[in-house]
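The values are calculated or read from the model by the stated rules, or taken from the named source; none is laboratory data. Predicted, not measured: the structure shown is a model, and the values here were computed from it. Note that we place each Cβ from the backbone using ideal geometry, even for glycine, and neighbour counts take in every protein chain shown. Heavy atoms of the whole protein, side chains included, go into the accessibility calculation; ligands, DNA and RNA do not. Shrake-Rupley method; radii C 1.70, N 1.55, O 1.52, S 1.80 Å.
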Amino acid sequence: MRVRGKNYKTVWMTAGSVHLIDQTLLPFRFKIIEAKNHRETCEAIRAMVVRGAGAIGAAAGFAMAQAFLEAPARGLAGYVEKARRRIESTRPTAQNLFYAVKRVFDGAAKSKDPKQAAVKEAAALVRQDEEDCRRIGEIGSRLLKDGASVGTHCNAGWLAFVDYGTALAPVYVAARKGKKVFVYVDETRPRSQGARLTAWELHNENIPHVIVPDNAGAHLLSKKKIDLMIVGADRIAANGDTANKIGTLEKAICAKEFGVPFYIAAPSSTFDLNCRSGRDIPIEHRSEDEVLYQSGPGTRGREEKILVASPGSGALNPAFDVTPAKYITGIITEKGLIKPSPKNIKRIIG
Ligand code: MRU
């Protein structure tokens, strides 16, 4: 994606360092940070400097490669095992993280030159992420008629992957093909990935859009303002139940009630066939501060954090929910559009 006329990926690695767009500062500041070792990359994932399933996966794959590069010649196995556990404990829900760590670890472990193999495998993984998202964009764009209005939740755009994104990729492809598309962007409290990140991406790409409060979904769907919903996924179980940012489930139930198609867009690396249903997907709970405080440039333009709730009250902050397959019209993958059923998922992914 182009930012100020220059092409960027969300995350990349050079000479043992991982470079990341600091998503906690967007849309107010555009800053690249450098994580010099796997511990720093882990911290970036935990603090959501990098976020979104695919981007987390890419960063985790690079972190695993960094661990192989850092490991002492004697005791390499113990070092990388410990690093693997550290990386896997950063965030629990996005399957792409576990997929990436395993892929880089296994690729390096069976090689005679594990350091080089780890770097090579991480680079291949990132190239695949880009290619998968590009395909999802092509396949998903066929669902968008000229003049379509699309609803989306959270950010499953370029920033959530290495490039293109998943839920937004069909929008970008359709717009490049000359179709007019309008996007309703859920703000996505508490961290506002919709209002801050999706809106920023769409603005950069000149796609007409509007930010809507999270609680406007049912109203807009009932008034047929939205032709179809496309959202991303953090983990998809073998039966099609899908974990995505908190609030997705409400939108999916409302979409079904009002006859609006509800699509998930995700690459194969987001499917976890070890989870038989959504009940097996671990849900991350984050700090109550994310609900109680908001941050951004204050009136003097300096970053400020302000309390937006009654002082003394606590908050509950589950970061994801699970949408049962029965509410999902279809899943747009890089291998095609499928109806969410165990048979279809096994055929295409297994
Ligand atoms: O907590 P985040 O920002 O890492 O949340 C993950 C997401 O970005 C969303 O759930 C998204 O819709 C799917 S990830 C492509």
(request) Those residues that are surrounded by fewer than 24 Cβ atoms within 10 Å (Cβ to Cβ) and among the hydrophobic types (A, V, I, L, M, F, W, C), I need them from the stretch 127-163; list them, please. (result) ILE139, LEU143, LEU144, ALA148
(request) Answer with yes or no whether ILE264 is in contact with a strand residue (DSSP E or B) (Cβ under 7 Å, 6 or more places away or on another chain), within 14 Å of the ligand (Cβ to nearest atom) and open to solvent by 20 Å² or more (accessible area, probe 1.4 Å). (result) no
(request) Can you give me the ranges of the strands (runs of 3 or more DSSP E) entirely in the stretch 217-257 with at least 1 residues that are more than 14 Å from the ligand (Cβ to nearest atom)? (result) 228-231, 235-237
(message) Would you confirm, using the coordinates I've provided, whether VAL322 is within 16 Å of the ligand (Cβ to nearest atom), under 30 Å from PHE30 (Cα atoms) and of a type in the set (A, V, I, L, M)?
(response) no
(request) Starting from the stretch 291-312, take each residue that is open to solvent by 70 Å² or more (accessible area, probe 1.4 Å) and list its partners that are basic (Lys, Arg), counting only C-beta distances under 7 angstrom and pairs at least six apart or across chains. (result) TYR293/LYS305
(request) Please enumerate the residues belonging to the stretch 194-234 that are of a type in the set (A, V, I, L, M) and farther than 20 Å from THR10 by Cβ. (result) VAL210, ILE211, VAL212, ALA216, ALA218, LEU220, LEU221, ILE226, LEU228, MET229
(message) Of all residues being within 16 Å of the ligand (Cβ to nearest atom) and part of a loop (DSSP other than H, G, I, E, B) in the stretch 73-92, which is most open to solvent (accessible area, probe 1.4 Å)? Just the residue, please.
(response) SER89
(message) Checking ASP186 against (1) crowded, with 24+ Cβ neighbours inside 10 Å; (2) free of Cβ contacts under 8 Å to residues at least 40 places away in the same chain: exactly one of these is not met. Which one?
(response) (2)
(message) I need the full set of residues from the stretch 36-85 which are in contact with a Phe, Trp or Tyr (Cβ under 7 Å, 6 or more places away or on another chain) and at positive phi, in order please.
(response) GLY52
(request) Kindly indicate the residue of the stretch 111-126 that is open to solvent by 40 Å² or more (accessible area, probe 1.4 Å) and touching a residue at least 12 places away in the same chain (Cβ under 8 Å) and also nearest to the ligand (Cβ to nearest atom) among those meeting that condition. (result) GLU121
(request) Could you tell me whether ALA148 is aliphatic (A, V, I, L, M), away from the ligand (no atom under 14 Å from the Cβ), over 20 Å from VAL260 (Cβ atoms) and touching a residue at least 12 places away in the same chain (Cβ under 8 Å)? (result) no
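Rundown of residues vs (1) closer than 25 Å to CYS154 by Cα; (2) open to solvent by 40 Å² or more (accessible area, probe 1.4 Å); (3) more than 15 Å from the ligand (Cβ to nearest atom); (4) of a type outside the set (D, E, K, R), yes/no style:
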| site | (1), (2), (3), (4) |
| --- | --- |
| LYS31 | yes, yes, yes, no |
| LYS36 | no, yes, yes, no |
| ILE56 | yes, no, no, yes |
| GLN66 | no, no, yes, yes |
| ALA71 | no, no, yes, yes |
(request) Could you check ILE207 against (1) more than 25 Å from THR333 (Cα to Cα); (2) open to solvent by less than 50 Å² (accessible area, probe 1.4 Å); (3) away from the ligand (no atom under 16 Å from the Cβ) and say which number it fails? (result) (1)
(request) Could you check the stretch 93-191 for helices (runs of 4 or more DSSP H) lying wholly inside it with 3 or more residues that are over 22 Å from the mean Cα position of the chain (by Cα) and farther than 24 Å from ASP321 by Cα? (result) 95-109, 114-141
(request) Kindly indicate the residue of the stretch 38-54 that is open to solvent by less than 40 Å² (accessible area, probe 1.4 Å) and within 23 Å of PRO72 (Cβ to Cβ) and also farthest from the ligand (Cβ to nearest atom) among those meeting that condition. (result) HIS38
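A quick yes/no check of all residues on (1) assigned by TED's automatic domain parsing to the domain that holds SER310; (2) at pLDDT below 95; (3) more than 18 Å from the chain's Cα centre (by Cα); (4) of a type in the set (Ser, Thr, Tyr):
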residue: ARG196; (1), (2), (3), (4): yes, no, no, no
residue: LEU202; (1), (2), (3), (4): yes, no, no, no
residue: ALA216; (1), (2), (3), (4): yes, no, yes, no
residue: SER222; (1), (2), (3), (4): yes, no, yes, yes
residue: MET229; (1), (2), (3), (4): yes, no, no, no
residue: LEU273; (1), (2), (3), (4): yes, no, yes, no
residue: ASP289; (1), (2), (3), (4): yes, no, yes, no
